Amino acid sequence: MSETQSPLVLIVEDNPTNLMLIVAVLRRAGYRTVTAVDAATAAARLAEERPDAIIMDIQLPGEDGLTFTSRLRADPATAAIPIVALTAHAMKGDRERALAAGCDGFFTKPINTRTFARELAEVLSRHPGDLSRSVTTERGRGA
Ligand code: MN
């Protein structure tokens, strides 16, 4: 698999520490990453790039992640992109709200750096959207 064929993941997260952590974990697993700190920035990124998946923090400044997800689902240009929600609060009902908004998966923070990439790959294999490239989680493991 050449570098240009690695899946591209858009990470929408306003917490800089968590954003850096997710970028590092996904890059180590062989993904390419693009980042945004809020919905408006993410929308600008999406006008330029077509990611294979989006990791969406629910609690964002400005438009929240679930409202933004609903908008992406309603837009034919972005409707098929798998979206995985991230939340700091494992509140009862959060998962149902995320799935109702159109998310394909749901992770709670803090992320488990040992399993995050594998769990993301599992979500994407169940909800591939129009993902045409397979994701391997073998690269970088065992280190
Ligand atoms: Mn947040």
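Numerical summary
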item	result
Selected from Glu13, Glu119, Glu96 as most flexible by GNM, with the chain as the system and alpha-carbon contacts under 10 Å	Glu96
Surface share of carbon and sulfur [accessible, 1.4 angstrom probe, percent] for the chain	53 percent
Cut-off 14 Å (backbone N to label point 7 Å along Cα→Cβ of Ser70), residues of region 89-128	97-103
Cα-projected label distance for Thr113 with Ala77, points at 7 Å along beta-carbon direction, nm	3.6 nm
Most to least packed among 52-61, 19-28 [average Cβ atoms within 10 Å]	52-61, 19-28
Probe 1.4 Å, protein heavy atoms only - accessible area per residue of region 8-132 in square angstrom	48 Å²
Stokes-Einstein translational diffusion, region 8-132 - Kirkwood Rh over all Cα pairs, 1.002 mPa s, 20 °C, in µm²/s	151 µm²/s
Assigned charges on the beta-carbon of Lys, Arg, Asp, Glu; the chain dipole about Cα centre (debye)	480 debye
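The values are calculated or read from the model by the stated rules, or taken from the named source; none is laboratory data. Predicted model only: the values in this text are computed from it and were never measured. Every residue, glycine as well, gets a Cβ built from its backbone with ideal geometry; the counts of neighbours run over all protein chains shown. Calculation scope for accessible area: heavy atoms of the full protein, side chains included, ligands and nucleic acids excluded. Shrake-Rupley method; radii C 1.70, N 1.55, O 1.52, S 1.80 Å.
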